[in-house]
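The structure appears right after this line, and notes come after that.
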Amino acid sequence: MNLIKDLIARNQNILRDMDEHPDPARLRSTRMGFEVELDGYTELLEAWQAGKPLLPQFPSSTLAKALGSQNVIYQDLFIFLPDLSGVPRYTQAVYDMGMPAYSCDVFTLPNAAAIMGELPPPSLSVADSGGVCRVWSYHNKILAEHFNKPELGSVPKFEIDTPKDYSEESVKYLAGQLGELVKFAEENVPGLKYDEDRHKELIKADTKWVDYTLKEWELKKHIPLPMSNMESLVHPLHFEPCLYSTPDKVLDFWRVRIEELKERVAKGMDKEEKLRCLWVWPPPPHLDVFGVTERLKMSLVMWGAPLGVFSGRYPNWGDEEEFGRKLSPLEEEARYVLGEVVRGKTWADDVIWMCQELGCDAIIYYQLTGCLHVGGLAKLVAERAEKELGIPTIVLSGKTLDPADLPPEEFDARMTEFADMVLARKS
Amino acid sequence: MITAGIDIGTETTKVVILDNNEVIAREVLIGGDEDAVGLGKKALEQATAKAGIELTDIKNIIATGLVGINIPFASGQVAESMCIARGVERVLPSTMIALDLGASKSLVVKCNHGKPIKIARNGKCAAGTGKYLEIVSKLLGVETDEMTGLFLKSKADIDFQSTCAVFLESEVISLIHMKTSPEDIARGAIMGLAKRTYPLLLDVGLEEKITLVGGLAGNRGIAIALEELLGQKLLVPPEPQIVAALGAAIIARERAS
């Protein structure tokens with residue numbers, strides 16, 4: 001099995017379907033997004049087949065590119081798989097390999113697929129002690145240990161000590177760690193060479209990207225939401241320019257997307273929006289999230305996840321005000337990574353703030369089974385949302401890729417009930 | 001206009017038939033969810049026979065209860081919380097919170113003029129449901145209905161350590177072996193159920209007028225236990241088990257008009 005080929009076929013089918021069944025309600029840029037993805041998957045497959053260095057789960061796409069490689073986010077690939085029938089097979093592999101089974105399936109299953117050779121293997125494994133999410137860090141360590149075994153290629157591994165707090169000292173410390181990583185990568189992976197000038201260019205591309213996401217943030221405050229829920233829940237990270245080989249094409253996608261949204265807001269839209277909700281955590285592909293919410297005339301304004309940079313809550317790349325000075329490229333990376341670290345109270349603060357900024361009537365909190373750090377925060381967020389904003393939260397529990405815990409009919413019934421209740425409260 | 005509401009539970013199926021605003025028949029059929037459609041049809045037929053009408057006289061039927069089951073002879077399915085809020089407004093309009101305790105669910109609905117404004121439920125946890133009591137009553141060799149009698153004769157409080165219905169069985173067996181009286185075990189179980197339900201009430205915010213509905217509402221021991229915990233009297237309507245079906249019939253009438 002080759003999951004990259006499956007993803008290529010998936011996008012080819014989607015593009016063909018879009019051409020055969022045009023939808024005037026769809027953004028033109030949505031098609032561009034699927035083209036960007038297709039290019040990305042094709043280039044990844046070619047790189048894999050040619051034996052070029054690949055850096056999956058790398059701390060940063062810009063840094064991977066500056067080293068002359070490509071970052072690959074396994075979870076990002078897995079969540080878009082057209083066929084989830086392999087889930088039981090990967091789940092069994094997780095048990096057989098001795099990996100923790102009661103953990104976020106978005107991490108355990110792709111890691112199993114990578115070890116089984118169905119996703120591209122790393123040329124260098126990087127684990128960090130406490131990065132974006134603890135489960136991410138935990139599973140990257142497991143992945144690094146597995147790929148370091150002789151039978152899987154003795155892939156060199158490197159561990160980064162990521163600070164738990166955010167401060168200028170922490171940024172400097174992490175930047176130092178990233179510097180060590182760069183040296184290690186150059187010494188241990190043939191073909192990798194750090195280019196600081198290239199790094200600066202890539203950071204500029206990422207700065208433009210964040211500027212676009214900030215514009216989108218503002219446009220999303222418009223009622224009704226000027227896009228479909230599927231288009232709305234495209235996470236900014238999925239279209240980070242440096243995740244792909246053609247950053248300019250990705251920036252083009254963002255440019256056209258923003259132009260279209262501005263146009264829709266200026267002209268007004270014939271669309272009924274009864275409710276406006278924040279969806280917390282990834283919309284699981286095994287549920288018809290978009291179909292159900294569109295039927296309920298419920299707009300999903302955002303996928304509430306670490307979104308500090310993309311909402312303007314945290315400084316953008318290149319910001320010199322925060323520490324009163326210009327940062328080096330590695331310090332920029334460190335600041336970006338640390339800004340996205342998920343911490344309990346900060347997470348809850350951010351979710352409440354997002355609801356306030358975007359005028360939400362309710363929160364749909366998908367409490368992901370096995371999510372060690374934000375799974376348990378559902379109740380805290382619900383209590384704060386009720387107390388501080390006067391809005392209710394529905395907490396749904398389930399996995400991302402396995403429908404066992406939350407069957408589609410139960411999801412439909414609970415969402416319908418919740419929507420009725422929120423409307424009753426509003427009236 | 002004649003309308004009907006069907007409430008399909010895991011152990012019983014309830015039907016209420018309304019002629020405009022008057023209840024002309026009700027039916028409670030014991031049977032599980034193995035053949036929900038068949039039971040729903042049977043309960044409906046028995047209710048229409050009691051009312052002296054034909055099925056075709058019913059203008060609109062709304063179903064509620066178990067999800068994911070298509071009831072072909074109902075025009076639609078409405079969430080339990082909505083049906084309970086409507087039903088309880090009809091039988092006890094002063095209700096601020098409806099607490100629905102059934103065989104496999106505990107559902108709390110804060111209501112405002114017949115509409116749910118906050119909901120809390122037990123999710124997949126059996127603690128706080130009829131299942132919890134059923135486990136204990138089987139071990140004591142009594143019917144669930146008899147647990148109240150034992151509860152009222154209890155002389156000591158036992159705090160069950162298990163918060164989970166799965167581990168409850170082994171804990172009760174240990175208590176029996178330690179010669180703990182059935183009365184005290186019954187009290188422990190009923191208080192345990194009440195304690196599992198209490199956080200749901202806190203979730204929606206406590207109010208003065210709490211009405212107990214559902215299959216377990218007729219269990220006096222549960223009402224006493226909850227009143228002890230809450231420090232207030234609970235309201236219990238004359239036919240608590242059919243409140244959701246009544247609400248469904250009311251919604252059927254609203255939609256048909």
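Here are the numbers for this structure:
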{"quantity": "Estimated FRET transfer efficiency (A:LYS426, B:ARG255; beta-carbon r; R0 25 Å; 0.05)", "calculated": "0.75"}
{"quantity": "Gyration tensor (Cα) of segment A:34-187, equivalent ellipsoid semi-axes in angstrom", "calculated": "25, 19, 16"}
{"quantity": "Under 5 Å, built H, 5+ apart or other chain: amide partners of A:TYR314", "calculated": "A:VAL309"}
{"quantity": "Amide N of segment A:222-259 lying under 16 Å from the label point, which is placed 7 angstrom from the Cα of A:ALA25 along Cα→Cβ", "calculated": "A:224-233"}
{"quantity": "Net length gained if the chain between A:VAL265 and A:ASP165 were fully extended (0.36 nm per residue, minus Cα distance)", "calculated": "32.1 nm"}
{"quantity": "Theoretical FRET efficiency, 1/(1+(r/R0)^6), r = Cβ-Cβ of A:TYR102 and B:ASP35, R0 25 Å, to 0.05", "calculated": "0.10"}
{"quantity": "Long pairs among A:LYS379/B:LYS105; A:LYS221/A:LYS271; A:LYS157/A:LYS204; A:LYS426/B:LYS209; B:LYS42/B:LYS209, criterion Cα-Cα beyond 25 Å", "calculated": "A:LYS157/A:LYS204; B:LYS42/B:LYS209"}
{"quantity": "Summed side-chain charge close to B:ASP100 - residues other than B:ASP100 whose Cβ falls under 11 Å, Lys, Arg +1, Asp, Glu -1", "calculated": "0"}
{"quantity": "DSSP bridge orientation in the protein assembly as shown - percent antiparallel, rounded to nearest 5", "calculated": "45"}
{"quantity": "Partnerless Cys - the protein assembly as shown, beta-carbon criterion under 4.7 Å", "calculated": "A:CYS104, A:CYS133, A:CYS242, A:CYS277, A:CYS371, B:CYS83, B:CYS111, B:CYS125, B:CYS164"}
{"quantity": "C-alpha long axis of helix B:80-91 to longest principal axis of chain B, angle in °", "calculated": "80"}
{"quantity": "For segment B:181-257: relative contact order, % (alpha-carbon pairs under 8 angstrom, 6 or more apart)", "calculated": "32"}
{"quantity": "For segment B:3-17, 3J(HN,Hα) per residue [Karplus equation, 6.51 cos²θ - 1.76 cosθ + 1.60, θ = phi - 60°, Hz, x = Gly/Pro]", "calculated": "10, 9, x, 10, 10, 9, x, 6, 10, 9, 10, 10, 10, 10, 10"}
{"quantity": "Convex hull per residue volume in Å³, alpha carbons only, for segment B:47-199", "calculated": "159"}
{"quantity": "Mean separation of Cα contacts under 8 Å, 6 or more apart, over the residue count of segment A:61-126: relative contact order %", "calculated": "28"}
{"quantity": "Extent along principal axes [Cα atoms of segment B:21-112; Å; largest to smallest]", "calculated": "36, 31, 23"}
{"quantity": "A:ASP211 versus B:ASP57: modelled label distance in nm, points set 7 Å from Cα along the beta carbon direction", "calculated": "7.5"}
{"quantity": "Nearest 10 degrees, 0 to 90: helix A:134-147 Cα axis against chain A principal axis", "calculated": "40"}
{"quantity": "Percentage of interatomic Cα-Cα distances in segment A:50-141 larger than 19 Å", "calculated": "40"}
{"quantity": "Loop-located chymotrypsin sites (Phe, Trp or Tyr not before Pro) in segment A:63-111 whose Cβ has at most 10 other Cβ within 10 Å (DSSP)", "calculated": "A:TYR102"}
{"quantity": "A:LYS249 versus A:GLU218: modelled label distance in nm, points set 7 Å from Cα along the beta carbon direction", "calculated": "3.0"}
{"quantity": "Average other protein chain Cβ within 10 Å of Cβ, residues A:409-415", "calculated": "3"}
{"quantity": "Solvent-free Debye scattering, log10 I(q)/I(0), computed from the Cα coordinates of the protein assembly as shown at q = 0.05, 0.09, 0.10 Å⁻¹", "calculated": "-0.30, -0.88, -1.02"}
{"quantity": "Relative packing of A:156-163, A:134-141, A:323-330, which averages over residues the other C-beta atoms within 10 Å, highest first", "calculated": "A:134-141, A:156-163, A:323-330"}
{"quantity": "Debye-sum result for segment A:289-427 in log10 I(q)/I(0), which assumes one identical scatterer on each alpha carbon, at q = 0.17 Å⁻¹", "calculated": "-1.00"}
{"quantity": "Counted charge near A:LYS249, where neighbours are those whose Cβ lies closer than 10 Å (Asp, Glu -1; Lys, Arg +1)", "calculated": "-4"}
{"quantity": "Two-decimal log10 I(q)/I(0) for segment A:43-88, as the Debye equation yields it once each C-alpha is a single scatterer, q = 0.32, 0.34 Å⁻¹", "calculated": "-1.12, -1.17"}
{"quantity": "DSSP beta bridges in segment B:1-99 [antiparallel fraction, %, rounded to 5]", "calculated": "65"}
{"quantity": "Cα centre as origin, Lys/Arg/Asp/Glu Cβ charges: the protein assembly as shown dipole, Debye", "calculated": "1280"}
{"quantity": "Relative contact order [Cα under 8 Å, 6+ residues apart], chain A, whole percent", "calculated": "17"}
{"quantity": "MRE, 222 nm, helices only [DSSP H, n ≥ 4, -39500 (n - 2.57), over the protein assembly as shown, to nearest 500]", "calculated": "-15000 deg cm²/dmol"}
{"quantity": "Cα centre as origin, Lys/Arg/Asp/Glu Cβ charges: segment A:319-416 dipole, Debye", "calculated": "360"}
{"quantity": "Cβ-derived FRET efficiency at R0 60 Å, B:LYS50 paired with A:GLU201, nearest 0.05", "calculated": "0.15"}
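Computed from the coordinates by the stated procedures, all read-outs in this text should not be read as laboratory data. Bear in mind that the values here come from a model prediction, so they are computed numbers and not experimental data. A quick note on method: Cβ atoms are made from the backbone with ideal geometry, for glycine too, and the neighbour counts reach across all protein chains shown.
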